[in-house]
Amino acid sequence: MAPPTLQAWSKTKANTKNWEELLTPTREQKFWMYRNMLVSRFHEEVIEQIYLEGKKPVFNMANGPIPGEMHLSNGQEPCAVGVCAHLKPADVVTSTHRPHHVAIAKGVNLNKMVAEIFGKKTGLSGGRGGHMHIFDADVNFACSGIIGQGMGPAVGAALSRKMQGKEGVAVAFIGEGAVNQGAFHEAMNLAAVWKLPFICIIEDNQWGISVAKSESTAVPDNSVRAQAYGIPGYQVRDNDTYEICRVAGEAIERARNGGGPSLIEIETYRLAGHFMGDAEGYRPAGELDGLRAKDPINVMRARLGSEEGLTDEQDEQIKAECRKLVDDAVQFARDSEYPAAEEAMEKVFV
Amino acid sequence: MAVAVTIPTNLWEEDSEAVITSWLISDGASVSKGQLIAEIMVEKVQHEVRAPAAGKISISQPAEAVVAKGAEIGSIA
Amino acid sequence: MNEQVATVAANERRLTIARAMAEAIALEMRTDPSVFVMGEDIAKLGGVFGNTRGLLEEFGSERIRDTPISETAFMGAAVGAASDGMRPVVELMFVDFFGVCFDAIYNCAAKNAYFSGGNVKVPMVLMTSTGGGYSDAGQHSQCLYGTFAHLPGMKVVTPSNAYDAKGLMTTAIRDDNPVIYMFHKGLQGMGWLGTEPGATVHVPEEAYEIPFGKAAVVRKGTDVTIVGVGMGVHHSLKAADKQAAQGVSAEVIDLRTLVPLDRDTVFNSVAKTGRLIVVDEDYKSYGVTGEIIATIAERDVSVLKASPQRVAYPDIPIPFTRPMEQFALPNPDKILVAYENLKRARTWRWL
């Protein structure tokens with residue numbers, strides 16, 4: 001028997017008042033999502049500027065106030081806000097090497113996150129993790145630089161909550177490339193067979209560095225893989241914030257009510273390169289221009305204008321507040337000191 | 001009166017022999033009734049031998065000895 | 001200070017290492033509801049190597065969980081559960097299988113505490129079987145102590161007897177860091193692959209800890225220090241017995257834990273005897289034997305009266321056929337040969 005599509009499943013719940021509410025974002029949710037998208041985007045734009053400091057004219061990754069790799073999430077904000085709109089601090093999220101938008105939406109301490117990206121001692125990990133290893137235990141957020149590595153731990157967190165009889169769901173964000181890792185398959189099966197409160201969110205930005213999804217993946221729609229695990233699967237098209245919010249809400253509620261795991265793939269866009277420094281010669285001409293025209297933040301702004309009567313003046317106010325959060329965090333990071341070098345030997349064991 | 005410690009006859013069906021894989025007490029040790037005193041193995045399956053009485057045990061078959069069902073491997077006095 | 005392996009007590013109760021491990025886990029599970037066990041065949045079967053015998057009956061299937069053959073998933077899940085307040089004890093059936101899930105172990109479990117500046121803890125125990133000698137061939141007989149001990153962020157323990165096995169397991173479960181608990185199949189007490197009787201020793205009924213980073217001097221001596229780990233300890237003790245008959249007094253040290261490593265006990269012994277032989281069933285190059293010798297050499301090479309010797313597995317994949325496997329394995333006679341080489345090796349002193 002085919003597992004239910006999310007629509008069929010939600011139809012049977014039509015009696016419950018909650019389900020209808022979940023289908024459309026509330027006014028509060030819309031503004032919450034918009035603000036987080038703005039903070040996310042302003043953060044990525046500022047980080048991009050700072051990242052390039054010291055890396056011109058020669059782009060050497062080792063140089064500048066933010067050395068190493070950098071993977072920005074411009075364009076993928078809907079994935080983060082649409083899902084995290086339904087999550088509480090106690091819910092667990094694991095993310096990828098492209099974590100900032102998810103971290104911000106999950107409520108990670110922004111000052112400490114930026115300080116960590118700068119490698120300062122006031123950072124979330126005292127500088128030991130950096131941009132790809134952001135851990136905030138207060139809001140149960142972690143991310144990793146290894147493709148697919150976050151799947152197992154998220155399943156384990158879901159297992160832990162179920163065993164302890166405690167509330168909470170676990171969400172693993174992965175890219176569409178990670179679906180082809182064994183770690184994905186094993187974790188999905190384990191979550192399904194033990195019926196855990198776990199949701200897998202695939203951020204499909206169409207590219208695994210320079211390899212298009214159509215060249216790497218045997219099927220165009222990864223949500224069909226849900227059938228292999230006997231669980232509901234859904235694909236969101238075209239980076240639609242509202243649709244993500246609807247579908248994720250259903251999946252998360254299902255998990256909270258003991259209904260087990262779900263798999264959601266979101267067709268989204270990466271407006272910047274895979275990593276900073278990526279010349280992106282592999283992208284077809286005109287693709288980026290086409291995507292910029294569909295910038296999800298502009299789409300959201302337009303919706304708030306027509307649905308909630310947001311004026312330009314109010315919008316400027318919101319943007320100013322969001323920009324200030326980012327600017328304050330960056331200032332905090334710049335003002336903070338580096339840790340003492342010998343502190344590298346500490347915190348290997350607790 | 002000494003009580004014999006024998007290989008149980010109800011642990012496996014065939015007439016296969018068992019091997020004593022471990023004595024879990026030393027020769028001359030004091031044991032209590034029901035105490036786990038040895039492990040035996042039939043093919044790949046391990047079974048337990050427990051003391052039929054309390055007292056001081058004398059071991060008559062060492063570890064790695066091959067024994068038949070019902071064979072005496074020690075006595076308790 | 002240095003401890004002796006427990007000798008026969010008044011109310012003697014010997015356990016195999018398999019039973020000792022299961023008993024330690026059970027004692028912790030009775031008092032700490034956050035401890036649970038996951039792995040392949042660890043529930044109904046009680047573990048292929050007997051180390052979870054009786055746990056399913058006592059604690060039920062919620063806490064004693066058989067898993068699918070999905071090491072990456074359940075190793076990763078152990079990390080996630082451990083970071084969320086549980087204390088998982090997870091089994092990697094054969095250490096040789098680490099290849100399919102090593103990312104979750106060395107790159108995730110071992111590093112998350114550091115990456116998070118100590119804010120996230122991973123209190124998990126990974127128990128895994130090591131060792132060969134019974135023709136299980138190259139993918140089921142390895143020790144790999146060096147591989148795990150070499151990488152930062154995980155503690156590594158290697159019990160040689162049931163008393164240590166129980167104490168080390170208790171300490172491992174209570175430790176807030178990831179601990180790799182490497183038990184040797186030939187010491188386990190499983191009849192179907194032969195066992196070293198010296199590993200089955202008296203074990204007290206109550207729970208007790210053996211601290212990590214404390215090697216045990218299991219035999220005192222004056223002429224040569226023989227350092228062993230796991231099965232190597234038993235080879236060393238047998239060699240020492242033979243040497244005693246020849247008038248040579250050997251001091252045997254059981255390392256017990258590789259991370260943290262008790263370098264002081266080893267150094268103090270070698271400073272006393274001046275001669276060192278290291279015995280390890282893991283591959284020779286880039287491993288435990290080199291580490292022990294380097295420990296002496298870098299601290300004070302002048303304590304040595306002769307060049308240290310090592311008896312370890314050669315750098316070859318483990319062969320199947322019995323003559324080849326037995327040729328390659330360390331054994332007491334090879335230790336005696338090493339002692340002869342040691343005496344013959346050119347000696348020198350600092351002037």
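Please go through segment C:209-261 and give me each residue that is surrounded by 22 or more Cβ atoms within 10 Å (Cβ to Cβ) and of a type in the set (D, E, K, R), ordered by number.
C:Glu251, C:Asp254, C:Arg256
What tally of residues in segment C:167-201 results from selecting those that are more than 12 Å from the chain's Cα centre (by Cα) and more than 14 Å from chain B (Cβ to nearest Cβ)?
Looking only at that region, the number is 10.
So A:Lys162 ticks every box in (1) over 21 Å from A:Pro99 (Cα atoms); (2) facing chain C (nearest Cβ under 7 Å) but one. Which box is left unticked?
Evaluating A:Lys162 over (1) over 21 Å from A:Pro99 (Cα atoms); (2) facing chain C (nearest Cβ under 7 Å) leaves (2) as the failure.
Within segment C:122-136, can one find any residue that is buried (at least 24 other Cβ atoms within 10 Å of the Cβ) and among the aromatic types (Phe, Trp, Tyr)?
No: zero hits.
Taking segment C:181-197 as the search range and keeping residues that are of a type outside the set (Ser, Thr, Tyr) and not in a helix (DSSP H, G or I), which one is nearest to B:Glu64 (Cα to Cα)? Walk me through how you get there before you give the answer.
Of segment C:181-197, the ones of a type outside the set (Ser, Thr, Tyr) are C:182-194, C:196-197.
Within this subset, residues satisfying the condition of being not in a helix (DSSP H, G or I) are C:182-184, C:188-190, C:194, C:196.
Numbers: C:Met182: 26, C:Phe183: 22, C:His184: 20, C:Gln188: 15, C:Gly189: 12, C:Met190: 12, C:Gly194: 9, C:Glu196: 11 Å.
Ranking the candidates gives C:Gly194 first.
Taking segment C:198-208, which residues are of a type outside the set (Gly, Ala, Ser) and either within 15 Å of C:Gly133 (Cβ to Cβ) or surrounded by 20 or more Cβ atoms within 10 Å (Cβ to Cβ) (or both)? Before the answer, list the steps.
Here is the first cut: in segment C:198-208, the residues of a type outside the set (Gly, Ala, Ser) are C:200-206, C:208.
Listed by number, the residues that qualify are C:Thr200, C:Val201, C:His202, C:Val203.
Enumerate the strands (runs of 3 or more DSSP E) found wholly within segment C:217-287, keeping only those where 1 or more residues are among the charged types (D, E, K, R) and in contact with a strand residue (DSSP E or B) (Cβ under 7 Å, 6 or more places away or on another chain).
Values: elements: C:224-228, C:250-254, C:257-259, C:276-283.
Because the criterion is at least 1 residues that are among the charged types (D, E, K, R) and in contact with a strand residue (DSSP E or B) (Cβ under 7 Å, 6 or more places away or on another chain), the strands (runs of 3 or more DSSP E) in segment C:217-287 that meet it are C:250-254, C:276-283.
If you go through segment A:134-151 one residue at a time, how many are of a type in the set (A, V, I, L, M, F, W, C) and either on the phi > 0 side of the Ramachandran plot or in a helix (DSSP H, G or I) (or both)?
So the first thing to find is which residues in segment A:134-151 are of a type in the set (A, V, I, L, M, F, W, C), and the list is A:134-135, A:137, A:139, A:141-143, A:146-147, A:151.
Then keep just the ones that are either on the phi > 0 side of the Ramachandran plot or in a helix (DSSP H, G or I) (or both); that gives A:137, A:139, A:151.
Residues meeting the conditions: 3.
Among the numbered conditions (1) at the interface with chain C (Cβ under 7 Å from one of its Cβ atoms); (2) touching a Lys or Arg at 6+ places or on another chain (Cβ under 8 Å), tell me where A:Gly175 comes up short.
(1)
Which one of A:Glu342, A:Glu287, A:Glu337, A:Glu316 is without any contact (Cβ under 8 Å) to a residue 60 or more places away in the chain, closer than 30 Å to A:Lys120 by Cα and not aromatic (Phe, Trp, Tyr)?
Numbers: A:Glu287 fails: closer than 30 Å to A:Lys120 by Cα; A:Glu337 fails: without any contact (Cβ under 8 Å) to a residue 60 or more places away in the chain; A:Glu316 fails: closer than 30 Å to A:Lys120 by Cα.
Checking each option against the conditions leaves just A:Glu342.
For segment C:115-140, what are the residues that are more than 14 Å from chain A (Cβ to nearest Cβ) and either modelled with pLDDT of 95 or more or over 26 Å from C:Val218 (Cβ atoms) (or both)?
So the first thing to find is which residues in segment C:115-140 are more than 14 Å from chain A (Cβ to nearest Cβ), and the list is C:125, C:127-140.
Answer for segment C:115-140, where residues must be more than 14 Å from chain A (Cβ to nearest Cβ) and either modelled with pLDDT of 95 or more or over 26 Å from C:Val218 (Cβ atoms) (or both): C:Val125, C:Met127, C:Thr128, C:Ser129, C:Thr130, C:Gly131, C:Ser135, C:Asp136, C:Ala137, C:Gly138, C:Gln139, C:His140.
Out of all the residues in segment C:291-332, which are among the β-branched types (Val, Ile, Thr) and outside any helix (DSSP H, G or I)?
Those that are among the β-branched types (Val, Ile, Thr) and outside any helix (DSSP H, G or I): C:Val311, C:Ile316, C:Ile318, C:Thr321.
For segment C:14-68, which positions are of a type in the set (Lys, Arg) and within 16 Å of C:Ile173 (Cα to Cα)?
Looking only at segment C:14-68, we keep the residues that are of a type in the set (Lys, Arg), and these are C:14, C:19, C:30, C:44, C:53, C:63, C:65.
Of everything in segment C:14-68, those that are of a type in the set (Lys, Arg) and within 16 Å of C:Ile173 (Cα to Cα) turn out to be C:Arg30, C:Arg63.
Keeping to segment A:127-143, report how many residues are at the interface with chain C (Cβ under 7 Å from one of its Cβ atoms) and at pLDDT below 95.
Residues that pass the stated criteria total 3.
Among the listed residues A:Glu44, A:Glu69, A:Glu53, identify the single one that is within 21 Å of the chain's Cα centre (by Cα) and at pLDDT below 95. Give the steps one after another, and end with the answer.
Details: A:Glu44 fails: at pLDDT below 95; A:Glu53 fails: within 21 Å of the chain's Cα centre (by Cα).
Criteria check complete, one pass: A:Glu69.
A:His185 passes all but one of (1) within 24 Å of A:Gly273 (Cβ to Cβ); (2) facing chain C (nearest Cβ under 10 Å); (3) surrounded by fewer than 21 Cβ atoms within 10 Å (Cβ to Cβ); which number fails?
(1)
So for segment A:191-205 (the condition being outside any strand (DSSP E or B) and away from chain C (no Cβ under 13 Å)), does at least one residue qualify? Let's see the steps before the verdict.
Going residue by residue through segment A:191-205, those that are outside any strand (DSSP E or B) are A:191-197, A:205.
Filter once more, so that each one left must be away from chain C (no Cβ under 13 Å): A:205.
Yes, some residue in segment A:191-205 is outside any strand (DSSP E or B) and away from chain C (no Cβ under 13 Å).
C:Thr128: in contact with a helix residue (DSSP H, G or I) (Cβ under 7 Å, 6 or more places away or on another chain), polar (S, T, N, Q) and closer than 22 Å to C:Thr170 by Cα, yes or no?
Details: in contact with a helix residue (DSSP H, G or I) (Cβ under 7 Å, 6 or more places away or on another chain): yes; polar (S, T, N, Q): yes; closer than 22 Å to C:Thr170 by Cα: yes.
When the stated conditions are applied, C:Thr128 passes them.
Checking the structure you have, find out if any residue of segment A:92-101 is of a type in the set (A, V, I, L, M, F, W, C) and not in a strand (DSSP E or B). Walk me through it before giving the result.
First pass over segment A:92-101, keeping only residues of a type in the set (A, V, I, L, M, F, W, C): A:92-93.
Next cut, not in a strand (DSSP E or B) only: none.
No, every residue in segment A:92-101 fails to be of a type in the set (A, V, I, L, M, F, W, C) and not in a strand (DSSP E or B).
I'd like the full set of residues that are away from chain A (no Cβ under 14 Å) and in contact with a strand residue (DSSP E or B) (Cβ under 6 Å, 6 or more places away or on another chain), limited to segment C:145-156.
C:Tyr145, C:Gly146, C:Phe148
Tell me which residues, restricted to segment B:59-77, are part of a strand (DSSP E or B) and surrounded by fewer than 14 Cβ atoms within 10 Å (Cβ to Cβ). Step through it out loud before you land on a result.
Restricting attention to segment B:59-77, the residues satisfying the condition of being part of a strand (DSSP E or B) are B:59, B:66-67, B:72-76.
Scanning segment B:59-77 gives B:Val66, B:Glu72.
Taking only pairs six or more apart or across chains, which ones have beta-carbon atoms under 6 Å, a first residue in segment A:219-241 that is outside any loop (DSSP other than H, G, I, E, B), and a second residue that is of a type in the set (Asp, Glu)?
A:Asn222/A:Glu265; A:Ser223/A:Glu265; A:Gln235/A:Asp221; A:Gln235/A:Glu265; A:Val236/A:Glu243
Pick from C:Tyr181, C:Tyr208: which is in the same structural domain as C:Ala104 (by TED's automatic domain parsing) and either of a type in the set (S, T, N, Q) or touching a residue at least 24 places away in the same chain (Cβ under 8 Å) (or both)? Reasoning before the result, please.
Working: C:Tyr208 fails: in the same structural domain as C:Ala104 (by TED's automatic domain parsing).
C:Tyr181 is the lone residue from the list that is in the same structural domain as C:Ala104 (by TED's automatic domain parsing) and either of a type in the set (S, T, N, Q) or touching a residue at least 24 places away in the same chain (Cβ under 8 Å) (or both).
Kindly establish whether C:Tyr114 is outside any loop (DSSP other than H, G, I, E, B), surrounded by fewer than 24 Cβ atoms within 10 Å (Cβ to Cβ) and out of contact with any helix residue (DSSP H, G or I) (no Cβ under 9 Å at 6 or more places or on another chain).
Details: outside any loop (DSSP other than H, G, I, E, B): yes; surrounded by fewer than 24 Cβ atoms within 10 Å (Cβ to Cβ): yes; out of contact with any helix residue (DSSP H, G or I) (no Cβ under 9 Å at 6 or more places or on another chain): yes.
For C:Tyr114, the condition - outside any loop (DSSP other than H, G, I, E, B), surrounded by fewer than 24 Cβ atoms within 10 Å (Cβ to Cβ) and out of contact with any helix residue (DSSP H, G or I) (no Cβ under 9 Å at 6 or more places or on another chain) - is met.
Would you point out the residue of segment A:123-141, among those that are among the aliphatic types (A, V, I, L, M) and in contact with a helix residue (DSSP H, G or I) (Cβ under 7 Å, 6 or more places away or on another chain), that is farthest from C:Met75 (Cα to Cα)?
Kept after step one, since they are among the aliphatic types (A, V, I, L, M), are these residues of segment A:123-141: A:124, A:132, A:134, A:137, A:139.
Okay, now just the ones that are also in contact with a helix residue (DSSP H, G or I) (Cβ under 7 Å, 6 or more places away or on another chain), so A:124, A:134, A:139.
Details: A:Leu124: 25, A:Ile134: 21, A:Val139: 23 Å.
Among those that are among the aliphatic types (A, V, I, L, M) and in contact with a helix residue (DSSP H, G or I) (Cβ under 7 Å, 6 or more places away or on another chain), it is A:Leu124.
Of everything in segment C:67-97 that's of a type in the set (Phe, Trp, Tyr) and either crowded, with 21+ Cβ neighbours inside 10 Å or touching a strand residue (DSSP E or B) at 6+ places or on another chain (Cβ under 6 Å) (or both), which residue is nearest to the other protein chains (Cβ to nearest Cβ)?
Residues of segment C:67-97 of a type in the set (Phe, Trp, Tyr): C:74, C:94, C:97.
Among the residues that remain, those that are also either crowded, with 21+ Cβ neighbours inside 10 Å or touching a strand residue (DSSP E or B) at 6+ places or on another chain (Cβ under 6 Å) (or both) are: C:74, C:94.
On the way: C:Phe74: 7, C:Phe94: 17 Å.
The qualifying residue nearest to the other protein chains (Cβ to nearest Cβ) is C:Phe74.
Have a look at A:Ala272, A:Ala302, A:Ala285, A:Ala320 and point out the one that is exposed (fewer than 13 other Cβ atoms within 10 Å of the Cβ) and in a loop (DSSP other than H, G, I, E, B).
Working: A:Ala272 fails: exposed (fewer than 13 other Cβ atoms within 10 Å of the Cβ); A:Ala302 fails: in a loop (DSSP other than H, G, I, E, B); A:Ala320 fails: in a loop (DSSP other than H, G, I, E, B).
After ruling out the rest, the residue left standing is A:Ala285.
Out of all the residues in segment A:104-126, which are within 14 Å of chain C (Cβ to nearest Cβ) and either farther than 16 Å from A:Ala344 by Cα or not in a loop (DSSP other than H, G, I, E, B) (or both)? If you could, list the steps in order and put the result at the bottom.
Restricting attention to segment A:104-126, the residues satisfying the condition of being within 14 Å of chain C (Cβ to nearest Cβ) are A:108-109, A:112-113, A:115-117, A:119-126.
Selection gives A:Val108, A:Asn109, A:Lys112, A:Met113, A:Ala115, A:Glu116, A:Ile117.
Is it the case that some residue within segment C:32-54 is part of a helix (DSSP H, G or I) and either away from chain A (no Cβ under 12 Å) or under 16 Å from C:Val179 (Cα atoms) (or both)? If you could, list the steps in order and put the result at the bottom.
Start the filter on segment C:32-54 by keeping residues that are part of a helix (DSSP H, G or I), which leaves none.
No: segment C:32-54 contains no residue that is part of a helix (DSSP H, G or I) and either away from chain A (no Cβ under 12 Å) or under 16 Å from C:Val179 (Cα atoms) (or both).
The values are calculated or read from the model by the stated rules, or taken from the named source; none is laboratory data. Only a predicted model underlies this, so the values are computations on that prediction, with no experimental measurement involved. Positions of Cβ are backbone-derived with ideal geometry, glycine not excepted, and every protein chain shown enters the neighbour counts.
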